[in-house]
Each structure stands twice: as C-alpha cells, then as structure tokens.
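Have a look at the structure below before the remarks.
Every number in this text was worked out from the coordinates using simple rules, so none of it is lab data. Remember, predicted model here, so these are calculated numbers, not experimental data. Here Cβ is always computed from backbone atoms with ideal geometry, including for glycine, and neighbour counts include all displayed protein chains.
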Amino acid sequence: MTSALPPPPVIEWDHVTFAYGEAVAVEDVSLTIHAGELAAILGPNGSGKSTLIRLALGLLRPSAGAVRLFGRDSADFADWDRVGYMPQVVAGTWRDFPITVAETVAHGAYRGIAPLAIFGRSDRPEVVEALEAVGMVRYMGRLLSELSVGQQQRVLLARALVRQPELIVLDEPAAGIDVSGEEQLYALLRDFNRERNITIVLVSHDIGAMMREASTLACLNRTLVRHGPSHELTSAEIAMLYGVPVDVLIHDALHEHR
Amino acid sequence: MPSILLYDFMLRALAGGVLVGLLAPTLGIFVVLRRFSLIADTLAHVALMGVAVGLATNTFPSLVALGAASLGAIVVEQLRSRGRLPGDRALAVVLYGSLATAVVVIGIAGGFNVDLFSFLFGSVLSVSPLDLWLLVGITATVVLFVGVFFVDLAQIAFDDDLARVNGVRTGALNLALAVLTGATITLSMRVVGVLLVGAMLVIPVMVGLRLARSLRTAMATAVVVGVVSAIAGLTIAFYVDASAGGATVLTALGLLGLAYLWIAVRRWGRRGRAGSSGLAANRNGPSDHRHHHHH
C-alpha cells in the first residue's frame, strides 16, 4: 500500500520534563506516536512511564516542554470522545463500590452533564456491544467487585471502547493477570488496532510481551533511551535500558513459537 | 394523636431530623466512596470554631460557622487535589487547628456556656424556624446538585483520573462537593451536634453500601436509614428523655448491625442450600452452577 501522507501524530511529547517536587521523573523526552500504531512504552519500575501517559492525558502539566494530543495542548484538550483510557487495576479498589459491569461501561459513554441520568438504564446497545467485544457480556449484571482483576480489566477496556475512540491508552494492562488472560488481552488489542484502526498506546515493563505485540517501542528510563520499530530492539539497548544484561534468547524463542 | 406530635418544638425537631437524615447520606455516599470520611469530622470542628468566634463576638454563630466551614472545605480540597499533603494529614492539620482556635477563643470569651453545649451535642428541641428554613434550602440545593451531577459524581468516586479523561469537570465538582459538605455539616450540627454529625454522613451510607447492588439503590437505602434513624431517635429521646443526637446515631448503628446480620444469615442460608444440592451441581463443576443463577 502506498500513501503520500504519513499518518498524523496522535500524541507528541516535545522536550518534556516533569518533576514531582525535587524528583525528576521524566527528563527532556521527545517522542511522537502516530495514528494506527500499536505503541508500547517500555521501561523498568519508576522509569517515568506512567508519568509520560498522565502528561499525555492532561492529568499532569509538564514542568518544561509541551505535550500535544491530536495536535492540541493536552491541558486545553476537550475532545475526550476520541480518547479511551484504562488505568492500572489494583486488586480490591472497588471492593465497597456498588456498581454493576453494565453500569461501569455505561459511565464510559458519558458525553457531558446529563441531568436525570440518575434514572437512566445501563443495558444500552453500545454498552452491550462493547462488552461483547471484550467477551464479558454475560457478566453484565454482576457486581464489578465480584470479578477477578483480569475480568475487571476487560470491563474497563470495554468502558474505554464504548465511545468508539480513535486512541486507547493503557497503563500496565497485564499487571495482575495470568498468562492466558494476558494473551487474550493482547489479542483483543491487536484486533482493535487492526480491525477498528484504533491507535493503541500501552505502558509495560514486560520486554518479551512488548517485543511480540507492539509495532513500535519507546524505551524509557527517565530519558528516552530508544524509539523505533519493535523488531529492531537489540540486547545492547535492553541492557542499557535496564542497566543489567537481559537474556533476549527467551524472547526470541517466543518469537519462533508464533 | 400521639403526644409527640402535639408540640410545635417537637414538630420542628422532627422536620429538622428528617431533613438531616435525608441530606447527610445523599452527600455522604460520595464522601465515603472517595475514602474521605474524615472530612466530615474536620469540617464539623471548623464550624465549631466559627460558632465560638460568633458567640465571642456576638454575631450570628450559625452564619459565621457556615462561612468558616465553607472556607475550610475549600482549603482542604485545595490541599487534597494538589497533593500537597496526604489526605488524612491535611485533615488532621485543619481539624486540630480549628479545635485549638475554638478552645482558645472560648477561654478568652469567658468559658463554656449553654449555647456552645447545644452546638457540641446538638439541641434538636431548640431548632428555630430560621434553622429549619436554612436546612430546607441546603437540602433542596443538595438534592438538585446530586440529581443533575449524579453520573459525574459517581465517576469521580469511581476513579478521578478516568472521570477527567471522560470529560468530567472534576476540579469544579470536587470543590462544589466540598463546599456543600461544609454547609450540610454546619446546618446539621444544630440537630445532631458537632461530635456526631459525621456519623450521619457515614453510618447510613455504610448500610446502603452493604445491601445495595447499585449506587442508586445504595443512596436510596442510606436515605431511608438516615430518615428512619432520625425519627426513631427523636421519638426515643422524647419518651425516655435521652439525647436526640445520641439516640439517632445509635439507631443508625443498630440498623448497620442488622444489615451485617442479614448478610451473614443470607450467606449462611445459601451455603446450606448449596450443601444439600452439592452432589448434583458438582458434576458440572462449581462455575457452571454459579452461572445458572444469572441467566
């Protein structure tokens, strides 16, 4: 396929620095994610990955530099229909929160202040469709708190999907789920990326999985260590990223299995 | 007609109690779900400082308290949202700061008097028509606010960041919620007292959260518990001459106990049934068995 124009940028970090008080979390990062990518931001714990996406979503303001979402400064961004977000799921977060799966997803369809929504129904067609997409439709009437972490993640993914966004941002989506759940989740993301043409940005510390799943990898350790297609990542770069030699053979072996 | 309904002051007391029982849990559910229950106690002590200043300077204590609590709510919310202080420490600073100021002001003004005691422990029997109208006003405001912004408030309680990425105006709503909480506490404490007003925001909500399967029903349950507790508490207070605030909160706690008991009994009953039909069900595996209930 030939195309004259490159895909437009979706998220741009332009010489971004962010510090929590004295502690610099992200330093002079310049990185652009384009439409259609399945991009992974990879790095060890505390490397500033989550900070980077919180900056992109306007949840934090950069100390220096600029962050743009669909070409607009993320602090002024208002077109949230185009963006879905799935935060890290920590076990037990919603233990005391009385909310059903359908209601959780219906929240995602929010489009501005809705008086009388207190009386609204949550089994609307778009909610059912989003739950079908993540294979959770039969849990619609269940309480979110009754589900496992992996199931809760899929519900939150449906919540991000329900407004048919162009971009979905996921923070450590595989944390706290087992290998088969992880494989299902990545299959879903690949499908959203290819079939629905949704740009996916996910944060992870799992090198092997990201080398398999992502089309582009940004390696972060406070500063940007590397950015490019995932299959070009070398063991020297991984060693630089993590500060220790990492056995890439494991991941090559996984490659051959596919 | 029962003798409790023959006195004007008692009718006003009942009206005040019912309004507090309705009002406090309606806001309280969002406070509790955001794990910010301590804000109620904190703002109650800020309001107490307002009362002390009002009494000492001979200005309207209720209005000074209302101003102080609103201002306190804004300060606490700013500290919380900017992450300057971990939530509970910010609250501790404001709570003890206000309480210490109140105590000092009271000392300078010449010690405790009956009026202050009525604020500390509530004096539902001296609820004035003005108090009642103020309560009606704040109740109408809160019901309208929660009605219009229910989904927004639910999203904020669920996850603040997710709400923001969904386009919810979290900053303005959190501030409004804090200020309304301050006003609710100030006006409710006339009825149940500084020391117990927090209980009315938290305990009925705990009953609702235990029993309900949705936020709406949790809120409705909490309001019913709040109103029933207020009526029962006042009735008990009237006939056995006890503290109305204390009796109200004890009734709410009794209902919380009943909710836990009900859940325990239900769970025990379900296990009993599962045990007797266990052999047949286990052939298909326990998870199949569970799905049958939901289809």
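When Cβ neighbours within 10 Å are restricted to other protein chains, what is their mean count per residue of peptide B:156-164?
5
Which of the three applies to region A:17-98, rounded, prolate or oblate, going by the alpha-carbon gyration tensor with a ≥ b ≥ c and a/c under 1.5 meaning rounded?
In terms of gyration-tensor shape, oblate.
Among residues other than A:Ala218 whose Cβ falls under 12 Å from its Cβ, what is the net charge (Lys/Arg +1, Asp/Glu -1)?
Every neighbour counted, the sum reads 0.
Can you list the residues of region B:6-42 with backbone N under 20 Å from a point 7 Å past the Cα of A:Ser145, pointing along Cα to Cβ?
B:25-39
For region A:1-51, what is the Kirkwood estimate of the hydrodynamic radius, computed as the reciprocal of the mean inverse distance between distinct Cα atoms, to one decimal in Å?
Computed over Cα pairs of region A:1-51, the Kirkwood hydrodynamic radius comes out at 12.9 Å.
Please compute, over every Cα-Cα pair in the protein assembly as shown, the percentage with a separation greater than 42 angstrom.
Here the tail beyond 42 Å accounts for 33 percent of pairs.
Taking 1 over the mean of 1/r across every pair of different Cα atoms in chain A, what Kirkwood radius in Å do you get? Don't jump to the answer; show the numbers that get you there.
On the way: mean 1/r = 0.0520 Å⁻¹.
Across chain A, the inverse of the average 1/r is 19.2 Å.
List the residues, sorted by chain then number, that are 5 or more residues from B:Val194 or on another chain and whose placed amide H is less than 5 Å from its amide H.
Hits under the 5 Å cutoff: B:Leu120, B:Phe121, B:Gly122.
Hey, got the average number of other protein chain Cβ atoms within 10 angstrom for residues in B:208-214?
4
Would you pull out the residues with amide H under 5 Å of A:Leu202's amide H, same chain only if 5 or more places away, H placed 1.01 Å from N?
Placed amide hydrogens put A:Ala39, A:Ala40, A:Ile41, A:Leu170 under 5 Å from A:Leu202.
May I ask you to give the average projected area over all directions of the convex hull of the Cα atoms of region A:1-148, in nm² rounded to one decimal?
The Cα convex hull of region A:1-148, projected and averaged over all directions, gives 12.6 nm².
Quick one: which residues, 5+ away or cross-chain, put their amide H under 5 Å from the amide H of A:Arg226? H built at 1.01 Å from N.
The answer is A:Cys219.
Please report the antiparallel percentage of DSSP beta bridges with both residues in the protein assembly as shown, rounded to the nearest 5.
Taking every DSSP beta bridge with both residues in the protein assembly as shown, the antiparallel ones total about 55 percent.
Determine the principal axes of the Cα atoms in region B:1-140, then give the extent along each, sorted from largest to smallest and rounded to whole angstroms.
56, 40, 20
Starting from the alpha-carbon convex hull of chain B, give the projected area averaged over all orientations, in nm². Intermediate values should be presented prior to the final figure.
Numbers: hull surface 78.1 nm².
Orientation-averaged projected area of the Cα hull: 19.5 nm².
Volume per residue, Å³, of the convex hull around the alpha-carbon atoms of region B:71-164?
145 Å³
How many partner chain Cβ atoms sit within 10 Å of a residue's Cβ in peptide B:47-56, on average, as a whole number?
Working: counts 0, 0, 0, 0, 0, 0, 0, 0, 0, 0.
Mean partner-chain Cβ count within 10 Å for B:47-56: 0.
Could you please rank A:Asp206, A:Asp171, B:Asp241, placing first whichever residue has the fewest other Cβ atoms within 10 Å of its Cβ?
B:Asp241, A:Asp206, A:Asp171
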